[in-house]
Amino acid sequence: MKVRKAVIPAAGLGTRFLPATKAMAKEMLPIVDKPTIQFIVEEALASGIEDILIVTGKAKRPIEDHFDANFELESNLREKNKTELLKLVEETTDVNLHFIRQSHPKGLGHAVLQAKAFVGNEPFVVMLGDDIMEDKIPLSKQLMNDYDSTHASTIAVMKVPHEETSKYGIINPEAEVSKGLYNVNSFVEKPTPEEAPSDLAIIGRYLLTPEIFHVLETQAPGAGGEIQLTDAIDTLNKTQRVFAREFTGKRYDVGDKFGFMKTSIEYGLVHPEVKDNLREYIIELGEELSKEQASKKK
Ligand code: G1P
């Protein structure tokens, strides 16, 4: 069966970015000039996804507005002949987006469960907004390609520094069945480095079969008292093979302040409007900082 649907959980409170996220969705924070959620939607479309459900919560209305037409703005840009900007504004309106509210933030597994009616009896993709992925083939598409041959759930993973395992779901790989594709013994949510069975971490892209919903319906809260998607995947793996696909492209973590700043700088360095000034500025700043460092050492 063809994978046509994607679910983007976006109900999180965004506490890592307070006070910016007190009245604004963290998914609308821009990398240079594009909201982070637009990167995720673009990856879905580039992968051939036809319908996207965004699971939202309080303060998330701007996400709906961002992907809707804005007649006043569009006619203003048209009158002023700002065709490039008009194109940018119009680009985001022609997407099959659906929204559902998660009224109680009970965890990622609970957010995904809200998609049950939307997904129905089809395989689907879950895309987390904190990870922007870059590769020749979009990561969601890579998982969809795997599904074409395995017809099984496949979770994207990537090696992380061992001391960071407690920030992620970690897999216990069994065997590499083909290049970069693993059979998995177990999936563990946020283990300490001492407990972690490997350094292969789950990174925000999942291809799941609809059977995951049966598991989620009775899933007890796990790490942090939340209903964890990782726990449900571990249960699913006991009755139905779940694979892990090792991602070898570039991952930008925009879910915390430092990752967000690094991503902004790297995207700024390739953005036609600011790249030259930014490069010059970084070089100058680097020189100043090295001088400062050298004088401290004296
Ligand atoms: C979630 C998942 C975790 C995964 C991570 C990837 O955690 O629960 O398994 O490794 O996303 O970013 P969160 O970052 O929401 O705490």
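The values are calculated or read from the model by the stated rules, or taken from the named source; none is laboratory data. Predicted model only: the values in this text are computed from it and were never measured. With ideal geometry, Cβ positions are generated from the backbone for all residues, glycine too; neighbour counts draw on all protein chains shown. Remember, those area values only see protein heavy atoms, side chains included, never the ligands or the DNA or RNA. Shrake-Rupley method; radii C 1.70, N 1.55, O 1.52, S 1.80 Å.
The antiparallel fraction among DSSP beta bridges confined to the chain stands at about 60%. Normalised by 2.2 N^0.38 Å, with N the number of residues, the alpha-carbon radius of gyration of the stretch 175-298 equals 1.56.
Where Rh denotes the Kirkwood radius from the mean inverse Cα pair distance, what is Rg over Rh for the stretch 92-171? My calculation of the ratio gives 0.98. From helices alone, the chain scores -10500 deg cm²/dmol at 222 nm; the rule is -39500 (n - 2.57) for each run of n ≥ 4 DSSP H residues, then divide by the residue total.
Counting only protein heavy atoms and a 1.4 Å probe, tell me what percentage of the chain's accessible area is made up of carbon and sulfur. Numbers along the way, then the final one.
Details: 8330 of 15810 Å².
With neighbouring chains kept in place, the figure for the chain is 53 percent.
Can you give me the accessible area per residue for the stretch 59-118, using a 1.4 Å probe, in Å²? Intermediate values should be presented prior to the final figure.
Working: 4030 Å² over 60 residues.
Per residue, the stretch 59-118 has an accessible area of 67 Å².
Largest accessible area first, the listed residues 198, 149, 178 line up as 149, 178, 198 when surface is computed with a 1.4 Å probe on the assembled protein chains. Over all other residues within a Cβ to Cβ distance under 14 Å of residue 298, the charged ones net out to +2, with Lys and Arg as +1 and Asp and Glu as -1.
Over the alpha-carbon set of the stretch 124-249, divide Rg by the Kirkwood Rh and report the Rg/Rh ratio to two decimals. Radius of gyration relative to Kirkwood radius: 0.93. Pairs of lysines in the stretch 1-152 whose Cα atoms sit within less than 19 Å of one another amount to 16, provided the residues are eight or more positions apart or on different chains. Other residues with beta-carbon under 10 Å from the beta-carbon of residue 246 carry, at +1 per Lys or Arg and -1 per Asp or Glu, a net charge of +2. Across 211, 176, 246, the residue with the most accessible area heads the list, and the full order at a 1.4 Å probe is 176, 211, 246. Taking a straight Cα-Cα cut-off under 14 Å and skipping sequence neighbours fewer than 8 places away in the same chain, the aspartates and glutamates within cross-link reach of residue 262 are 130, 131, 253. Summing charges over neighbours of residue 127, with a neighbour being any other residue whose Cβ is under 9 Å away from its Cβ, gives -1 when K and R count +1 and D and E count -1.
Within a straight-line Cα-Cα reach of under 16 Å, residue 296 can be paired with the following aspartates and glutamates, leaving aside sequence neighbours fewer than 8 residues apart in one chain: 287, 288.
Working note: Cα atoms of the chain, range along each principal axis, descending, whole Å: 61, 57, 36. Look at where the Cα atoms of the stretch 31-75 and of the stretch 110-135 average out, and the two centres are 15 Å apart.
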